[in-house]
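Data block below; observations after.
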Protein chains: 2
Amino acid sequence: MIDMDWIIIDDEFNINNIVSNGNKFMTGNGYMGYRGTMEEYTDKELTACNLAGLYDRQGDGWREPINAPNGLFTTLLVGNKVLGLNNFNPSEHSQVLDIKNGLHLRNTVWETDYGKVKIEAERFVSLADIHLMCLKYTLSVDKECAIKIKTGIDGKVWDINGPHLKNYSVKKENNLIVVSAVTNELKVPVSVKEICERSFEAVENIEKTDVSIFHNICFMAEPKRNYTIYKYVSVWTGNDETENIEEDCSLTASRSFSMGYEKVYLEHINKWKDRWETSDVVIEGCEDDQLALRYSIYQLQIIAPLHSNRLSIPARGLSGQTYKGAIFWDTEMFILPFFLHTAPEVAKNLVNYRIRTLNGARKKAEYYGYKGAFYAWESHENGQDACSDFNVTDVFTGRPVKTYFKDKQVHISAAVAYAVLETYEFTGDISLLLNGGAEVILECARFYYSYTYFKEEKDRYEILDVIGPDEYHERVNNNAYTNKMVYYTVDAALKVMDILEVNFPKEYENLIDKLDFRKDIDYLVKFKEKLYVPKPDKKTLIIEEFDGYSRLENCSLSEVRSRLINPKEYWGGGHGVASTTQIIKQADVVLMLYLFRNEYSSKVKKVNWEFYEPRTEHGSSLSPCIYSLLSCDIGNERWAYPFFVKTANVDLSGDSKQFAGSIYIGGTHPAASGGSWMSAVFGFAGLKVVEGKISVTPNLPNNWNRLNFKIIVRGKKYTIDITHDGSEITKA
Amino acid sequence: MIDMDWIIIDDEFNINNIVSNGNKFMTGNGYMGYRGTMEEYTDKELTACNLAGLYDRQGDGWREPINAPNGLFTTLLVGNKVLGLNNFNPSEHSQVLDIKNGLHLRNTVWETDYGKVKIEAERFVSLADIHLMCLKYTLSVDKECAIKIKTGIDGKVWDINGPHLKNYSVKKENNLIVVSAVTNELKVPVSVKEICERSFEAVENIEKTDVSIFHNICFMAEPKRNYTIYKYVSVWTGNDETENIEEDCSLTASRSFSMGYEKVYLEHINKWKDRWETSDVVIEGCEDDQLALRYSIYQLQIIAPLHSNRLSIPARGLSGQTYKGAIFWDTEMFILPFFLHTAPEVAKNLVNYRIRTLNGARKKAEYYGYKGAFYAWESHENGQDACSDFNVTDVFTGRPVKTYFKDKQVHISAAVAYAVLETYEFTGDISLLLNGGAEVILECARFYYSYTYFKEEKDRYEILDVIGPDEYHERVNNNAYTNKMVYYTVDAALKVMDILEVNFPKEYENLIDKLDFRKDIDYLVKFKEKLYVPKPDKKTLIIEEFDGYSRLENCSLSEVRSRLINPKEYWGGGHGVASTTQIIKQADVVLMLYLFRNEYSSKVKKVNWEFYEPRTEHGSSLSPCIYSLLSCDIGNERWAYPFFVKTANVDLSGDSKQFAGSIYIGGTHPAASGGSWMSAVFGFAGLKVVEGKISVTPNLPNNWNRLNFKIIVRGKKYTIDITHDGSEITKA
């Protein structure tokens, strides 16, 4: 049944891969993400059922998302020996992710004193019912022996800054076992319920702790027979729009139990079929690229908040609590385009999250003495900023280091405005503007006007004291990317006001009155006219990343790397090895050139790509895809291809930072996943959709024979097929 | 003959005090400073004859002033044993500084295998002839023994970033011995010549190395007899305004030799008598305070560039190469007032140095993209900035740390403008304005206009991204001190233009034309009108040091100190323990309140003193005097007194930082010396001179019975006498 083209596999057990496989073998459905851990793993192996958009604070720790009690927990005892990968090396083992069907599979054989014991497990986080996870767990032996399966809900969860749950209620209700609790800070209830079904006779009893509850299933296993249990696990929280989460939580488990595993399973894989129907990208000619790109799309699908317009996508997806489970600009600039082209309803939800959190952005602006909307650098449920003023720990002293991500990375508001306008322009859905989108754009523009300073001597507005995408250089003036995005935002505000004024005069007047925006219009007109946006140097064509960049030490990446004393050192900030050099963290000018590629000549794009690429550490997973995209834009797919490969494989290879000091910072990289989709579709296919009109300018890599993908434009599905001989756009 | 009230004495030898005594027992005459080391010391004991205003660079090192070959070098051999404090502990020893007469004295007795050997030495750096140093060196023994006196010119000099001299010529010319060389960078010649006279028969020969030349004077010493040599040492450099430095250098030595030691000595001490005649401050009631204050005045006198209007006073005086021998704002804000009131010709020379280096300030402004004059933070001979972009070394990594003293401490230009206008207003000497002073002020104002940004939303100009006097907080916005000083500068420019326009219309027109300043006048009028100067908070009356200061962590000085991991850590900059707290390095708002004390109420001054003092580390020797001055201004001499004592004793106690890592950063603290004079005269006497009119508002400390001092106002001498019963101002 398994389609080997869609399979991620790890067929040997290596204790060092437990954490990275936890990311690599993720399953999820946008409501929750379940890490790719073994059924018998606990908090020590970073097992987590991560809940989207439910945050909590414990003490002085960072706010972070909740991990629910683990309803899939299942372990095995043979004789009195606990059989688990974490304490007994297997003779055979494989872990498999079926990305076509959203299934996690494992096969393990242990050679014990009582003979061979084999486990086959299949599990999924249902795409058909977001509150449901299911596990099919089959045991066989080659000699008769006494077996105990301990399965239930493990309440001892992995937390970075926990514990986040309290007031536990642990109980059995008819055939359900239950762990309910409330969050520490906001007292949001969380309930996990489980029904365990089995196909064989056994003696069963219930074991409880303060936070956990388990079935102990004891029986004499006979050779050549399969012993299977099915688990139906339901998760609900107080964030769900329902009156009685306990009742609903019971219902989810009971209903799926009534349906039976096979039916629930089929509903799930059918939903996956639908997802792939609209989002698959076929690459012929290179199986590795095909799998990596599909895997990227899979990673985006398992975190897509299709079910709610109150959620967005955190920078590490639903792979845990790293990066505080917060929403970054990653979502708007790197993830949104995929959904916009394949699942516009998800894109609208992402945009809606920003509309809904506008007041949080207003509060942040006010705190810093500005007007309008200054969006959170690391956004939590109400738009509050989870970002700390001390986001880095100095490795030499162990002290927190003052960083300026929160207060100086002002380009975040432009990313939000950009997402709103792009989504409106792509979908043509004016309701997005009328229902808050226009307000967001206007408030972002207003923020920038209140942030800017006028330089009389140069007769221009400047954007001072910011951090651009290249975070290694803090508090710079006139960052090209930022200034350009500010210009875009101001222009967007004026454009949106024009649209509303002409087509919806009443709504326009209401909005202007509500925001008391009449004076601001004049300000914005002048601001746009006189805003300084760094231009290519007349001689060199190079656009300086920020004022004074060209005077920084010009030395190679390897030279800067060689200056590291400790490999975990932060490269930026006050003392970082990169901060006084021209070495940058990630695409910055190049990102600007890509986003505004129609406004710059090929020559300028090429010169700047060649200038900045050797100076770029690609220390962020957001970087390679942009270099890939810009090289495609200038018709150089050879430059582009290795960056595509790098981007598409970030979570497969696990080659990214996993720890900062003692703190786990790993996880999945949805922005890179979005970036790999963009590299293929916008880059190699050269897809452009302008006012609903589709065009392609293909630049296929040499080793690809065909690129075939689907998009949805204004409600209509299209298939785009590209070979080296030509291209075809077909309406479904 | 020695007046014990004017004596600094150290009557035991302690090897650990060699370096600090080198500062404490300094002699000098403004042309050169000779460290308080023993005659037999060499570069290892930081012996130095430091030359004012002659700088050199070696390789990539910092530029620093030259130390001349040491013409006073004299050591002793008894039998074959070298007798020197650095290698043989004495049985008796005293080192004495006679600050009344500018004499350095030493008395040392060694108990040797050949009996007691006693040295008495007296030396001075002549105030009557700036190129001359003399030494009288007397030996006696209690048993007959063979003595060798090795004396001459030791060319192996102490350098931090040397060697600075090359192309040595080492020779004997008649009765002169000579070491001549040129500087490394600019090939400036330096010549040292010596004549050694002796009162006894001996066998003498000459010993030479590549860089040194010595007389070896050998004789059998008899008991109960004094063997005295006299050394006449002459120092000239290519910076002296003469055609033939070799000839002049010979002449200085020969002439003084012809005059004989006693006459030369008398000329010297008579000059000191003149100096004290106009500058002494008598304190009755506390001998310690009297001595400390006179010592402060002595320190100022030995570095006063009376002879040249091309020199100023470095921040560590002439005590060595630390702080690069550079001129800081210390001179204008802390040292100038003493000279203005006691030696206006020196004050004018100090101001002239800034006028002469205006082009250096213009170049610096241009480099950073501004107009007008941005004076060097650490000024060398042509106004070039000796300040590095990496002025601190991180103690944990040994790496240079990016600092912003050079490019962001913009208040330096205001200090220069302040000095020019104050000197003009005090002396009434319009030639100062006509001969460059007005041009300096206008160019400083122009610099600030080109530095400022206009905040339309608040309808005001702001001064962004600066460092105020409190260097622990870098890159702040709207530092109260800086903004106020900018306002002062702009106002000064407008004022000076008014003066010239009315009284010297032709010169005014010429200046405006030369500077192409007509448009700038309008700019400055508007700039002054709308420049933001932080005001006392309406509720608390506290003036925020800079935007956002009040949001920094409010914790105690001891708490911040307790966070140090390494005692040599820098407190400021990107990672410093103070930088994220309200702990400041030195008087900042309090300095502003003192300078502009007529514009603020006593209540505001008191509240801010009480708020900022506990938050001040006094990590700079510029800080305590200002706290002393402001407390006197609000009539609280009790608060003031301990800060006076601290200031006046900085160089006597040696309680200041001596090393930063392996680099010696100690030296004398002329700004503190100037500060202690100000504390007594402006503080406790409450002296004010406005348009030539003198007034006092005394606040004598309880333990003082009398304060008596002299000032010169517009060519006339006055004596001011203050007791607890009243005060008297008498014209001489």
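Regarding segment B:47-68, can at least one residue be identified that is buried (at least 24 other Cβ atoms within 10 Å of the Cβ), touching a residue at least 24 places away in the same chain (Cβ under 8 Å), under 22 Å from residue B:150 (Cβ atoms) and out of contact with any Gly (no Cβ under 8 Å at 6 or more places or on another chain)? For segment B:47-68, residues buried (at least 24 other Cβ atoms within 10 Å of the Cβ), touching a residue at least 24 places away in the same chain (Cβ under 8 Å), under 22 Å from residue B:150 (Cβ atoms) and out of contact with any Gly (no Cβ under 8 Å at 6 or more places or on another chain): present.
Among the residues of segment A:400-407, at least one is within 14 Å of chain B (Cβ to nearest Cβ), at pLDDT 95 or above and in a helix (DSSP H, G or I). Take residue B:421 and decide whether it is away from every other protein chain (no Cβ under 14 Å) and at pLDDT 95 or above. Answer is yes for this residue. Just for segment A:368-399: of the residues that are modelled with pLDDT of 95 or more and within 14 Å of chain B (Cβ to nearest Cβ), which one is nearest to residue A:353 (Cα to Cα)? So the residue we want is A:372. Limited to segment B:622-644, what total is found for residues that are open to solvent by 30 Å² or more (accessible area, probe 1.4 Å) and either part of a strand (DSSP E or B) or touching a helix residue (DSSP H, G or I) at 6+ places or on another chain (Cβ under 7 Å) (or both)? Going through segment B:622-644 one residue at a time, the tally reaches 4. When you check residue B:712 against the structure, is it in contact (Cβ under 8 Å) with a residue 60 or more places away in the chain and not aromatic (Phe, Trp, Tyr), yes or no? Yes, satisfied. Does residue A:297 meet the test of being β-branched (Val, Ile, Thr), touching a residue at least 12 places away in the same chain (Cβ under 8 Å) and outside any helix (DSSP H, G or I)? For residue A:297, the condition - β-branched (Val, Ile, Thr), touching a residue at least 12 places away in the same chain (Cβ under 8 Å) and outside any helix (DSSP H, G or I) - is not met.
Applying a threshold of 6 Å to beta carbon distances and a minimum spacing of six or more residues, or different chains, the list of pairs starting in segment A:537-556 at a residue that is free of Cβ contacts under 8 Å to residues at least 60 places away in the same chain and ending at one that is charged (D, E, K, R) and surrounded by 16 or more Cβ atoms within 10 Å (Cβ to Cβ) reads A:550/A:544.
Only strands (runs of 3 or more DSSP E) whose full extent lies in segment B:143-230 are considered here, and the ones with at least 2 residues that are closer than 30 Å to residue B:113 by Cβ, touching a Lys or Arg at 6+ places or on another chain (Cβ under 9 Å) and open to solvent by 50 Å² or more (accessible area, probe 1.4 Å) are B:203-208. For segment B:341-358, state whether one or more residues are under 24 Å from residue B:29 (Cβ atoms), open to solvent by 10 Å² or more (accessible area, probe 1.4 Å), away from chain A (no Cβ under 14 Å) and in a loop (DSSP other than H, G, I, E, B). Yes. Evaluating residue A:127 against the criteria (1) in a strand (DSSP E or B); (2) among the hydrophobic types (A, V, I, L, M, F, W, C); (3) crowded, with 21+ Cβ neighbours inside 10 Å leaves one unmet condition, (1).
For segment A:565-582, name all the residues that are open to solvent by less than 70 Å² (accessible area, probe 1.4 Å), free of Cβ contacts under 8 Å to residues at least 60 places away in the same chain and more than 10 Å from chain B (Cβ to nearest Cβ). Answer for segment A:565-582, where residues must be open to solvent by less than 70 Å² (accessible area, probe 1.4 Å), free of Cβ contacts under 8 Å to residues at least 60 places away in the same chain and more than 10 Å from chain B (Cβ to nearest Cβ): A:581, A:582. When segment B:387-423 is filtered for residues that are touching a residue at least 60 places away in the same chain (Cβ under 8 Å), of a type in the set (Ser, Thr, Tyr) and either open to solvent by 30 Å² or more (accessible area, probe 1.4 Å) or out of contact with any Gly (no Cβ under 9 Å at 6 or more places or on another chain) (or both), the ones remaining, listed by number, are B:388, B:393, B:404, B:418. On the given criteria, is residue A:492 away from chain B (no Cβ under 12 Å) and touching a strand residue (DSSP E or B) at 6+ places or on another chain (Cβ under 7 Å)? For residue A:492, the condition - away from chain B (no Cβ under 12 Å) and touching a strand residue (DSSP E or B) at 6+ places or on another chain (Cβ under 7 Å) - is not met. Restricting attention to segment A:426-465, the residues that are of a type in the set (Asp, Glu), part of a helix (DSSP H, G or I) and away from chain B (no Cβ under 11 Å) total 2.
Of all residues assigned to segment A:683-690, none qualifies as being among the β-branched types (Val, Ile, Thr) and touching a Cys at 6+ places or on another chain (Cβ under 6 Å). Quick check on residue A:284: is it at pLDDT below 95, under 30 Å from the mean Cα position of the chain (by Cα) and not small (Gly, Ala, Ser)? Taking the combined requirement at face value, the residue does not satisfy it. Under the condition of being buried (at least 16 other Cβ atoms within 10 Å of the Cβ) and closer than 17 Å to residue A:101 by Cα, the residues counted in segment A:256-266 number 3. The lone criterion from (1) of a type outside the set (A, V, I, L, M, F, W, C); (2) at pLDDT below 95; (3) open to solvent by 20 Å² or more (accessible area, probe 1.4 Å) left unmet by residue A:453 is number (2). Checking A:710, A:716 one by one, the residue that is under 24 Å from the mean Cα position of the chain (by Cα) and either on the phi > 0 side of the Ramachandran plot or surrounded by fewer than 22 Cβ atoms within 10 Å (Cβ to Cβ) (or both) is A:710 and no other.
Take the conditions (1) surrounded by 22 or more Cβ atoms within 10 Å (Cβ to Cβ); (2) touching a helix residue (DSSP H, G or I) at 6+ places or on another chain (Cβ under 8 Å); residue B:253 misses just one of them, which is (2). Yes or no: segment A:233-255 includes at least one residue that is part of a strand (DSSP E or B) and over 23 Å from residue A:178 (Cα atoms). No, every residue in segment A:233-255 fails to be part of a strand (DSSP E or B) and over 23 Å from residue A:178 (Cα atoms). Checked against the criteria, residue A:541 does not count as more than 14 Å from chain B (Cβ to nearest Cβ), over 31 Å from the mean Cα position of the chain (by Cα) and either crowded, with 21+ Cβ neighbours inside 10 Å or farther than 30 Å from residue A:629 by Cα (or both).
For a quick check of your reading of the model, give me the residue pairs whose first member lies in segment B:597-610 and is over 15 Å from residue B:628 (Cβ atoms), whose second is surrounded by fewer than 15 Cβ atoms within 10 Å (Cβ to Cβ) and at pLDDT 95 or above, with beta-carbon atoms closer than 9 Å and at least 6 apart or on different chains. These pairs meet every condition: B:607/B:540. In segment B:258-266, the count of residues that are touching a residue at least 60 places away in the same chain (Cβ under 8 Å), over 25 Å from the mean Cα position of the chain (by Cα) and over 27 Å from residue B:137 (Cβ atoms) is zero.
The values are calculated or read from the model by the stated rules, or taken from the named source; none is laboratory data. What you are looking at is a predicted structure, and each value in this text was computed from that prediction instead of being measured. All Cβ positions, glycine included, derive from the backbone under ideal geometry; neighbour counts span all protein chains shown. Keep in mind that these areas ignore ligands, DNA and RNA; they rest on the heavy atoms of the full protein, side chains included. Shrake-Rupley method; radii C 1.70, N 1.55, O 1.52, S 1.80 Å.
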